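To start, the structure under review is shown below, and the notes come after it.
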Amino acid sequence: METLARIEITALSVWFRESGLAFFGSLTLHSLAMALVVGINLAIAFRLLGIVPSFALKPLIRFYQMHWIAVILIFLSGLALLLAYPAKALTNPVFYAKFAMLSAGLMIASKLQNLIRTRPENELNSKTVKLIALASIIVWVGTITTGRFLAYTNSVLLASRFF
Amino acid sequence: MIELLSSFSKFTGIYTFMNSPWGWPTAESIHFLGLCLLIGCVGVFDLRMLGVGRGIGYLQMHKLVKIGVFGYCLNLTTGIMFLTTAPDQYLFNPAFQTKLLFMLVAGLNMFWFYASYSDQVKATEAATSVVEPAKIIAMLSLLCWMAVIICGRLITYFRPPYHWCWFC
C-alpha cells in the first residue's frame, strides 16, 4: 500500500488524476479502442461460427492491423488510468480478472489471425476453430463485464489516505 | 416528463432492478457489449466501404449489419433503463443531449444509405471501390458512433459541463 501511495504522489499520477483532459482523454481512448478490438473480434468469431453467411476470411487479416494498433492504445490508455488511481485498481481482484480475460482474448485473437493467414479457407470450418471462436466471444464478454464492474467494486480509491 | 419516466421505471420493475447491488453495472456491461457489436458489425462494414479488407464481398459483409442492429437494440433497451431510472441525471445533461443528436444524425445517415446507395454498394464487385457518396456515408457513420461513445463517457464524467459545453 505504501508503494501505491508513493506512486500516487508522483507528478505524473497527480497530472493524470487532476487534469480533466488527461484523465477523460485516457478514459475515452480506452473505450473507443476497446469497442474496436472487441467489435472486430466478435465479428470474426461470428463469421467463423457461421452465424453470419460465409465470406472470404483471408482479407480479414487487414482488419487485424487496425486491431493491433487499437490494442496498443488500450494498453497505453489503461496504463494512464492505472497510474492515476493505482490503488483503486491494484487492490481490486476484478482488475486482475479483467487483465487475465483481456490477455486470453488477445492470445486467442493472435491464434485466430495465424490460423486465418496460414490455413486454407476450407480448414477454417473445423470444430476446433469454431470452439476457439466461441471461446473468443466468451472471453471478450467477460472482459467487458469485468471492465464495467471494476468501477463499482473497488474498496480503496486513494492509498495515500491511509498514510 | 421526469414523473412519467420514473413511473414507467417503477411500474415495469426497471427501477428495482437498477437499484439492486449489481443492476446498474450489469446494464452498463450489456450497453457496452451492444456498442461493441455495433462497432464490430456496422463499423466494420463502414470500414469495408472505406477500402479496408479489399476482397471481401460487400453483399456478404452486409450480413454482419443484422448483428449490429441487434447490438443497437441492446443499447436502446439498456439506455431506456438508465434514462427512466435516473431521468434528472440525463434529460438536463448536455452530454446526453449531444449523444442523442449524434444518434439522430447516425440514423438519418443510415436512411440516406438505404434510400440511395445500398443496392449499388451490395452489387459492387469485391475488388472494386464503392461510389464516393457511399464512402462519405461510411465515414459519417463511423464519426457519429465515435462521437456517441465520447458523449457517453462525458455523461458521467464532466458535471457540471462548463469544461466543454460551449452552448450551456
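List of remarks:
- For beta carbons closer than 7 Å, sequence separation of 6+ or different chains, a first residue in segment A:127-148 that is aromatic (Phe, Trp, Tyr) and a second that is in a helix (DSSP H, G or I) and surrounded by 16 or more Cβ atoms within 10 Å (Cβ to Cβ), the qualifying pairs are A:TRP140/A:VAL38; A:TRP140/A:ASN41; A:TRP140/A:LEU42; A:TRP140/A:GLY105.
- Of the helices (runs of 4 or more DSSP H) lying entirely inside segment B:1-98, those carrying at least 3 residues that are away from every other protein chain (no Cβ under 11 Å) and in contact with a helix residue (DSSP H, G or I) (Cβ under 9 Å, 6 or more places away or on another chain) are B:2-12, B:14-18, B:65-85, B:87-91.
- Within segment A:149-163, being without any contact (Cβ under 8 Å) to a residue 40 or more places away in the chain and not aliphatic (A, V, I, L, M) holds for A:TYR152, A:ARG161.
- Filter pass, A:PHE24 being aromatic (Phe, Trp, Tyr), within 8 Å of chain B (Cβ to nearest Cβ), within 23 Å of B:HIS62 (Cα to Cα) and surrounded by 15 or more Cβ atoms within 10 Å (Cβ to Cβ): no
- Contacts under 6 angstrom Cβ, first residue in segment B:127-152 being at negative phi, partner of a type in the set (Val, Ile, Thr) and at pLDDT 95 or above, 6 or more apart: B:CYS144/B:VAL105
- Subset of segment A:113-163 (residues that are within 26 Å of A:LEU90 (Cα to Cα), part of a helix (DSSP H, G or I) and more than 14 Å from chain B (Cβ to nearest Cβ)): A:ALA159, A:SER160, A:ARG161, A:PHE162
- The listed residue being over 22 Å from B:ILE67 (Cα atoms), in contact with a Gly (Cβ under 9 Å, 6 or more places away or on another chain) and touching a residue at least 60 places away in the same chain (Cβ under 8 Å), out of A:ALA80, A:ALA97: A:ALA80
- In the set A:ILE108, A:ILE74, only one residue is part of a helix (DSSP H, G or I), under 19 Å from B:MET146 (Cα atoms) and modelled with pLDDT of 90 or more; that residue is A:ILE74.
The values are calculated or read from the model by the stated rules, or taken from the named source; none is laboratory data. Keep in mind the model is a prediction, meaning the values are calculated, not measured. In this analysis, Cβ positions are derived from the backbone assuming ideal geometry, glycine residues included, and neighbour counts consider all displayed protein chains.
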